[in-house]
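Report on the structure given below.
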Amino acid sequence: METPEGRARLLSGACAGDFVVAGRAAAWVWGLDVLPAGVGEMRCPADDPACGQNTEGRPVPVPDGHVETLAGLRVTSRSRTALDCARWLPRLHAVAALDQFLRLGVDRGDLRVLARELDGYHRNKRLSAVLRAGDEGAQSPGESWTRTQIIDAGFPPPATQCLVPGPRGSPYLIDLGYDHHRVGLEYDGERHHTGRTARAHDDARLRWLRKEQGWTVITVTKDVLHRPAPYLEALLTALLDRDWKPDEPTLARITLHLHRLRRRPFH
């Protein structure tokens, strides 16, 4: 992974003059994984938004106090970039970006204070919902996408990085889970789960979790971005089988959400 200064040098040629790099491009400079699924990590994201514009193409006012200079490139600060991503990116990507900023140590309370200073950010319902959904426990964008889909469907928020006893006293982590019901979800990201050794380790870990610890573990892939229904249906079945008893409004909301997802065309 390159340093923020190294990434700033790569992007400096795309944003000359008095521009301030903002949004997804600024997050990329700060070292975050914010590119759409399937885009290589080292591709310069000189769009969406990049140099001082939001996703609607309008200039974004950036006070000097919200700007830092890296390798000669003017870029929004971590906190301002976190807010811009939460405000302008599509919801799943917005939550994934926020999760990463929280993991870097950006404070959620500070973000709310900063939002009150910005036109269009204070009392913005979409931004508030993203800030509520953020969780610094997420270890990858895929985990963030999965957790957000679960929350949006009406399920209780799953815990991140659930600790489960492993063999020889070493604990295992499950990406997302409901410990009381022993139901978990693992995001199977290509970056971390390719290769014979990694696959063998994952297979052994899942066998232990399922057979020795009695967990139901649902494996999730990047399809969750566009086809979440099968994973959400599997989660609902697993939780009900493990004696989860949602109230009628919650179950009705989840059922309606799944019905709408099934009717949505797949692209």
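Comparison of Ala153, Ala159, Ala115 shows that the only residue that is assigned by TED's automatic domain parsing to the domain that holds Pro246, in contact with a His (Cβ under 6 Å, 6 or more places away or on another chain) and touching a residue at least 12 places away in the same chain (Cβ under 8 Å) is Ala153.
So that you can scan it fast, the table gives a plain yes or no per residue for (1) crowded, with 16+ Cβ neighbours inside 10 Å; (2) over 12 Å from the mean Cα position of the chain (by Cα):
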site: Pro90; (1), (2): no, no
site: Arg112; (1), (2): no, yes
site: Arg116; (1), (2): no, yes
site: Lys125; (1), (2): no, yes
site: Asp135; (1), (2): yes, no
site: Ser144; (1), (2): yes, no
site: Phe155; (1), (2): yes, yes
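Across region 69-90, the number of residues qualifying as in a strand (DSSP E or B) and either modelled with pLDDT of 95 or more or touching a helix residue (DSSP H, G or I) at 6+ places or on another chain (Cβ under 8 Å) (or both) comes to 4. Out of curiosity, is Ile151 crowded, with 19+ Cβ neighbours inside 10 Å and either more than 10 Å from the chain's Cα centre (by Cα) or within 22 Å of Glu68 (Cβ to Cβ) (or both)? No, not satisfied. The residue pairs whose first member lies in region 209-230 and is more than 23 Å from His180 (Cα to Cα), whose second member is basic (Lys, Arg) and surrounded by fewer than 19 Cβ atoms within 10 Å (Cβ to Cβ), and whose beta carbons are closer than 8 Å, counting only pairs six or more residues apart or on different chains, are Ala229/Arg262.
Selection of region 1-22 for residues being out of contact with any helix residue (DSSP H, G or I) (no Cβ under 7 Å at 6 or more places or on another chain), at pLDDT below 90 and charged (D, E, K, R) yields Glu2, Arg9, Asp18. Could you tell me whether Gly189 is at pLDDT below 95 and in contact with a helix residue (DSSP H, G or I) (Cβ under 6 Å, 6 or more places away or on another chain)? The answer is yes for Gly189.
Quick check, is Tyr172 farther than 22 Å from Thr148 by Cβ and either among the β-branched types (Val, Ile, Thr) or touching a Gly at 6+ places or on another chain (Cβ under 7 Å) (or both)? Judged against the criteria, Tyr172 is a match. Here His181 meets each of (1) part of a helix (DSSP H, G or I); (2) under 27 Å from Leu236 (Cα atoms); (3) not small (Gly, Ala, Ser) with one exception, condition (1). Counting the residues of region 247-267 that are modelled with pLDDT of 95 or more and assigned to a loop (DSSP other than H, G, I, E, B) gives 1.
Might you check whether a residue that is within 14 Å of Ala153 (Cβ to Cβ), at pLDDT 90 or above and basic (Lys, Arg) occurs anywhere in region 214-224? For region 214-224, residues within 14 Å of Ala153 (Cβ to Cβ), at pLDDT 90 or above and basic (Lys, Arg): absent.
Considering region 175-190, the residues that are of a type in the set (D, E, K, R) and either free of Cβ contacts under 8 Å to residues at least 40 places away in the same chain or under 20 Å from Thr148 (Cβ atoms) (or both) include one that is surrounded by the most Cβ atoms within 10 Å (Cβ to Cβ), namely Asp175.
Taking region 242-264 on its own, how many of its residues are in contact (Cβ under 8 Å) with a residue 12 or more places away in the chain, among the basic types (Lys, Arg) and within 30 Å of Gln213 (Cβ to Cβ)? Number of matching residues: 1. Looking at Leu206, is it without any contact (Cβ under 8 Å) to a residue 60 or more places away in the chain, assigned by TED's automatic domain parsing to the domain that holds His259 and crowded, with 16+ Cβ neighbours inside 10 Å? When the stated conditions are applied, Leu206 passes them.
This table checks each residue for (1) closer than 28 Å to Ala96 by Cβ; (2) in a helix (DSSP H, G or I); (3) of a type in the set (Val, Ile, Thr).
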| position | (1), (2), (3) |
| --- | --- |
| Arg210 | yes, yes, no |
| Ile218 | yes, no, yes |
| Arg227 | yes, no, no |
| Tyr231 | yes, yes, no |
| Ala238 | yes, yes, no |
| Lys245 | no, no, no |
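The values are calculated or read from the model by the stated rules, or taken from the named source; none is laboratory data. Values in this document were obtained by computation on a predicted structure and should not be read as measured data. Methodologically, a virtual Cβ is constructed for each residue, glycine included, from the backbone with ideal geometry; neighbour enumeration extends over all protein chains shown.
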